[in-house]
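K.L.:
Quick one: the structure is below, questions incoming.
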Amino acid sequence: MVIGFEATIQILTCSALVGLLAAVGLRLTYREVKEALLQCRFLLILLVNFFVIPLVTVVVATCFGLKRDLAIAMVLLAAAPFAPVVPVFARMANAELALAAGLTAVFPLVCVVLTPVVAQISLRAFETDHVHFDMLASVAILLATISLPLIAGLLIQHRAPGLGQRLLRPVETISGALGAVSLAFVTATRFRSTTDLGWRAWLAMALVSEISLLLGWNIGGPGRGARRVIALGSSNRNIALALLVAIQSFPGTDAAPAVVGNGLLLIALGLLHVAWWRFTGAGGR
């Protein structure tokens, strides 16, 4: 039954993400994405997301005196920036969609190289550096569920814009429905993963998320739309990648459930920020 639940979650989540990211690609042109990437502070974004935020996470987890598995889960999430939901959140928050799509497509390739290194170094603070990582499998999963759908949408929009416009509404509708079902299913079946964390772990993860959001906002550049994108990308981590590392490196421990619980908390916080920006027009610090 557990295998059935896991398979259902993976199918629903991957199907929703593929559709939502393809829809984002259908809304954009190659030139828009290219210009957005060239104008952003890419090296600074990498530095903050792969050095500063993991360091902040280690400090916060240590100060809160969290159990080892809970700290490991936080570190694994900190080492896996830019969740694939960032373009979806960016569109909802009226942020710069081209920048969100470009960074979300590029970051999986960077994560495959840097995530295991950053995680291994950061986990030494908790007397472990036991990180196993199947790079080929991870590349295949991340490309298939994140980068390729975005690129496919861009190519369709570039080569056959008429077809792209006809596909956009049905793809968004179906993937949006699948996303809602997936989120409800994950929340219902993994709700205990979140509640079992305890208030101390909740507070620690929420603090890291808010600090990451502020760091992302401040390095996002002069434009409010770009700042929102980097803030969302810095505070919303790639749950699937962190979970993959947790399962490979710490089987039989509470690290994987803690990744899921913390991931649900990050999604909830991300949605709160999206709602604030969308419905109040706020963009200040």
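The values are calculated or read from the model by the stated rules, or taken from the named source; none is laboratory data. None of the values given here were measured: they were computed from a predicted structure. When we count neighbours, we look across all protein chains shown, and the Cβ atoms used for this are built from the backbone with ideal geometry, even at glycine.
K.L.:
Any idea which of (1) crowded, with 22+ Cβ neighbours inside 10 Å; (2) hydroxyl-bearing (Ser, Thr, Tyr); (3) under 25 Å from residue 92 (Cα atoms) is the one residue 249 doesn't satisfy?
P.N.:
Exception for residue 249: condition (3).
Yes/no matrix, rows are residues, columns are (1) within 21 Å of residue 257 (Cβ to Cβ); (2) surrounded by fewer than 24 Cβ atoms within 10 Å (Cβ to Cβ):
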residue: 37; (1), (2): no, yes
residue: 43; (1), (2): no, yes
residue: 47; (1), (2): no, yes
residue: 88; (1), (2): no, no
residue: 102; (1), (2): no, no
residue: 120; (1), (2): no, yes
residue: 132; (1), (2): yes, yes
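K.L.:
Okay, moving on. I want to confirm something. Restricting to the stretch 205-258 and keeping residues that are of a type in the set (Ser, Thr, Tyr) and in a helix (DSSP H, G or I), which single residue is nearest to residue 120 (Cα to Cα)?
P.N.:
249
K.L.:
Looking for whichever is in a helix (DSSP H, G or I) and either under 14 Å from residue 19 (Cα atoms) or modelled with pLDDT of 85 or more (or both) here; the options are 175, 193. Which one fits?
P.N.:
175
K.L.:
Against the conditions (1) in contact with a Lys or Arg (Cβ under 8 Å, 6 or more places away or on another chain); (2) at pLDDT 90 or above, where does residue 24 fall short? Just the number, please.
P.N.:
Of the numbered conditions (1) in contact with a Lys or Arg (Cβ under 8 Å, 6 or more places away or on another chain); (2) at pLDDT 90 or above, the odd one out for residue 24 is (2).
K.L.:
Does residue 164 meet the test of being in contact (Cβ under 8 Å) with a residue 60 or more places away in the chain, surrounded by 14 or more Cβ atoms within 10 Å (Cβ to Cβ) and more than 18 Å from the chain's Cα centre (by Cα)?
P.N.:
Judged against the criteria, residue 164 is a match.
K.L.:
For the stretch 206-226, state whether one or more residues are at pLDDT below 90, under 18 Å from residue 69 (Cα atoms) and not aliphatic (A, V, I, L, M).
P.N.:
The answer is no; no qualifying residue exists.
K.L.:
Of the residues in the stretch 112-144, how many are out of contact with any Pro (no Cβ under 7 Å at 6 or more places or on another chain) and in a helix (DSSP H, G or I)?
P.N.:
21
K.L.:
Hey, can you tell me all the residues within the stretch 45-78 that are among the basic types (Lys, Arg) and assigned to a helix (DSSP H, G or I)?
P.N.:
68
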